[in-house]
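In what follows, a single structure is set out as structure tokens and then discussed.
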Amino acid sequence: MNILVTGGAGYIGSHVVVELHEAGYNPIIVDNFSNSDKSVLKGLFEITGKEILLYEGDCRDQKFMESVFSSEDIHGVIHFAALKAVGESVQKPLEYYDNNVGSLILLLTLMKQYKIENLVFSSSCTVYGQPDSLPVTEEAPKKPAESPYGNTKQLCEEIIEDTFKSGQQIKAFALRYFNPIGAHHTGNIGELPLGIPNNLVPFITQTAAGLRDSIIIFGDDYDTPDGTCIRDYIHVMDLAKAHVRSLEVLNRMNQSHYDYINIGTGNGHSVLEVIQKFELANSASLNYNIGTRRVGDVEKVYASADKAKEVLGWQANRSLDESLRDAWNWQQKLRDSENA
Ligand code: NAD
Ligand code: UD1
């Protein structure tokens, strides 16, 4: 079965491509490389032993996307392609709305035209803002978005729901990811931020690799046991598996369907804990300083993972230690290949 993976050259998409291949699907990537590098294709070949089919282009380009849909017999779509930098979205809201919302609308239109039913959409726990109670369940109300990026995820979920309600034959899950980290255990693919990383774990691995002097912890005066923010960090390969499970469940359904599901471990860890666990797991020592709070950060959030277990029969298996070891293995391999 051919599965179209938009944004398949990106961090999460590339790991899902591996998992799809292992489950017997034929992933087809669409990517414009606006936030990824073609070297990922080599990494994918090293892991899968297969040249993954790639269409290079923009998901908002109607002609290009029509050529993809008309050339391939597509059974389902996993839609990762989006811009994802929260701070940048505040500076460039129109680019974010255009890219993230525009690409989804075109995709849904083409899915209707080509009678493709199965869709897995990348949403985010950002839709909850700071939840009133934890672990956060899918029933928790969505809070007004803190950023245009967050708003695009809320809007996209609503667009899929409205499409479902309109009677279009569609079977879709919006997966609300918590904090994906780590890399494939081979270190052949991983997270490759362009420029200075925004996210914690790439910042940690780049600091350990000597690319950055030190990490700034964004605030230690939160109402948490050690004063630093708490998140639910999930290994990207566990996250990848949730996508394959989602497709399997959608495949078995014979009626239109839309639902949203948390994809997290159910456990919260503080920033300080992550740094300390990284140091222990990798026998490394990190320079860090306490800085001021980052605007828009929520104090603590972690998932209720019950619905994922119930609906998808999925749960995360890998520990935070394993995730941090894999993240470091990837960073070291990257450094070695750059020095070679
Ligand atoms: P990423 O930037 O690594 O991957 C996105 C890929 O999409 C990139 O390869 C980029 O080149 C491509 N792309 C972007 N716009 C495109 C377009 N218009 N046409 C074609 N290709 C395009 O990001 P990621 O971390 O892999 O995230 C994937 C998805 O998951 C995104 O939708 C993101 O919002 C969502 N998400 C990510 C996180 C996270 O922490 N990484 C958390 C929650 C949700
Ligand atoms: C961020 C986004 C979220 C998005 C996700 C994926 C914000 C407010 N949220 O999640 O919407 O879905 O990325 O792109 O940007 N931290 C430091 N120092 C650093 C980096 C991070 O202390 O140098 C802390 C943060 O304050 C936070 C934790 O580490 O408490 C995790 O941060 P990050 O990896 O950026 O993820 P989120 O903020 O949870």
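The values are calculated or read from the model by the stated rules, or taken from the named source; none is laboratory data. Worth saying up front: this structure is predicted, and the values here are computed from it rather than measured. Note that each Cβ is placed from the backbone with ideal geometry, even for glycine, and that neighbours are counted across all protein chains shown. Calculation scope for accessible area: heavy atoms of the full protein, side chains included, ligands and nucleic acids excluded. Shrake-Rupley method; radii C 1.70, N 1.55, O 1.52, S 1.80 Å.
Take Asp336 and Lys309, extend 7 Å from each Cα along the Cα→Cβ direction, and tell me the distance between the two endpoints in nm.
With each label point 7 Å from Cα toward Cβ, the separation is 3.8 nm.
Check Ile230: other-chain or 5+ apart residues with amide H under 5 Å from its amide H, H built from backbone geometry?
The list, which skips near neighbours in sequence, is Lys300, Val301.
Given C-alpha coordinates of the chain, what is the ratio Rg to Rh with the Kirkwood estimate of Rh?
0.95
Let me know the longest stretch in the chain that avoids all GluC sites (Glu not before Pro) found in a DSSP loop with at most 11 other C-beta atoms within 10 Å.
140-340
Just to be sure I understand the curve: with the Debye formula and one point per C-alpha of region 16-106, what is log10 I(q)/I(0) at q = 0.17, 0.24 Å⁻¹?
Normalising to I(0) and taking log10 leaves -0.83, -1.31.
For Lys300, what accessible surface area do you get with a 1.4 Å probe? Give it in Å², rounded to 10.
That residue has around 50 Å² of solvent-accessible surface.
So, for the chain, what is the accessible surface per residue at a probe of 1.4 Å, expressed in square angstrom?
44 Å²
Using a 1.4 Å probe over the heavy atoms of the protein chains, calculate the carbon and sulfur portion of the accessible area of region 237-339 as a whole percent.
Accessible surface attributable to carbon and sulfur in region 237-339 totals 40 percent.
List the residues, sorted by chain then number, that are 5 or more residues from Tyr177 or on another chain and whose placed amide H is less than 5 Å from its amide H.
Ser123, Ser124, Cys125, Ile263
Could you look at region 1-132 and say what percent of its accessible area is carbon and sulfur, using a 1.4 Å probe and all protein chains?
Result for region 1-132: 50 percent of the exposed heavy-atom area is carbon or sulfur.
Points 7 angstrom from Cα along the Cβ direction at Glu299 and Leu194: gap in nanometres?
Computed distance between label sites Glu299 and Leu194 equals 3.7 nm.
Taking a cut-off of 20 Å between Cα atoms, list the lysines near Lys241, but don't count ones fewer than 8 places away on the same chain.
Partners found: Lys50, Lys171, Lys307, Lys309.
Can you give the direction-averaged projected area of the convex hull of the alpha-carbon atoms in region 223-295, in nm²?
7.6 nm²
So how do Tyr128, Tyr288 rank on accessible area, 1.4 Å probe, biggest first, that is with the largest at the start?
Order by accessible area, largest first: Tyr288, Tyr128.
Please list, in chain and number order, the residues 5+ apart from Leu53 or on another chain whose amide H is under 5 Å from its amide H, with Hs placed from the backbone.
Ile29
As an exercise, take the mean of 1/r over every pair of distinct alpha carbons in region 1-152, invert it, and state the Kirkwood radius in angstroms.
So the Kirkwood estimate lands at 16.4 Å.
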